[in-house]
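*Asks:* Quick one: the structure is below, questions incoming.
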Amino acid sequence: MRKIYTFFKILPLFFGLTGSFFFTIKPLQAQQVPYFAVFRENWVLLNPAFLNHFYLEDKNRTMMINVSHREQWFGFNGGPQQSNARIENIVVGRKKALNNVPRMKWGLGMENETLGDYASSGIFANYAYLFNISNTTFISAGLNFSFSNNRYRLDPLTFKEWGRDIPSQLLENEVRWLGKADAGVFLKHKSQGRYSKIDHWYIGLSTIQMASVDVAGSGGVLDVVKKPHFNFLAGMLIGESNKGGSFGTYWEPTIWIRYLPGATYRALDLKSPISTDVSLRFFVKEKIWGGGGFGTSGNISLETGYIFHNAKKSRNMMVPKIKTGVLCNIPVLGTTFGYSVEAFMGIGLASY
């Protein structure tokens, strides 16, 4: 049981560092929700109703292709790793004198996660319908459906008494096929104030793992009961958009609040059922961006990136707008167990 003992020994450290995972020992399960700190480019993983960030920057960019990878406990053998790749498309139409009015969106993706001997991989589909309340405000409601396998790959040679270790034998090569559903709502409003520097703001609520099911129904050691996680996300774009609706230089403050019933997060040496991240990004002339943030779990984040895009040819929507970036989480309060690094690349296009 040496590996299993080590696994449980490090779980509290992992829980304290991220402030966004839930674990239980009986029955056994690994982390339930991957943590992506670059959440603007991974919104669909947190709220299926959110439109992709390319569309918020430039309403003509209705299609996004994105890949993202996160290394948690960087340099630690067996630390958590999360990857995903997906495509999202916004279907637009015409409303009165307005063109390019969003109607609905759909998306497909793949995701993979590893933590020590535990691994999970699967596919997911996303759909959201948009309700245009006015020329400046719309609300969307969305769903994610995912299907994944969850498994352990234990090496008997690393155990002292494998023949007597019944729990580990039950875990070895066990595969569980799980399905789950997420739901969310999203509201975006464009400011009309003549002197307001806030171009628009957005807000969203979601329930991740709203429902889960053991597809094979085979039973086993791995737990299939997934706890619902609640997310609140809000932000605004402060700056002036160019002609055509795209942004050049602007600020974007955001807040991300997570709530898990029955869990207790340690926030700045205080116990709380809520964990929060706040951040601020600054984009310069559609080329360079940087930012930072702080989480109540005791970590700070630093991020930067570059946009491969010729602003002078921005009206040519078939020229890809490629955004790359990297973010580092640094523990500064509480546990100092490891750093996390995350990188992504997104490609924005017009699909109409």
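*Asks:* Largest first, how would 339, 306 line up by accessible area (1.4 Å probe)?
*Replies:* These residues rank, largest area first, as 339, 306.
*Asks:* For segment 51-103, calculate the relative contact order in percent as a whole number, restricting contacts to Cα pairs under 8 Å that are 6 or more residues apart.
*Replies:* Normalised by residue count, the contact order of segment 51-103 is 30 percent.
*Asks:* DSSP loop (so not H, G, I, E, B), at most 14 other Cβ within 10 Å: list which trypsin sites (Lys or Arg not before Pro) in segment 43-147 pass both filters.
*Replies:* 96
*Asks:* Listed here are the pairs 59/323; 180/226; 105/285; which of them are more than 18 Å apart at the Cα?
*Replies:* 105/285
*Asks:* Quick one: which residues, 5+ away or cross-chain, put their amide H under 5 Å from the amide H of residue 103? H built at 1.01 Å from N.
*Replies:* 91, 92, 93
The values are calculated or read from the model by the stated rules, or taken from the named source; none is laboratory data. What you see is a predicted model; the values in this text were computed from it and never measured. Quick reminder, even Gly has a Cβ in these numbers, built from the backbone with ideal geometry, and neighbours come from all protein chains shown. Heads up: the accessible areas ignore ligands, DNA and RNA and are worked out on the full protein's heavy atoms, side chains in. Shrake-Rupley method; radii C 1.70, N 1.55, O 1.52, S 1.80 Å.
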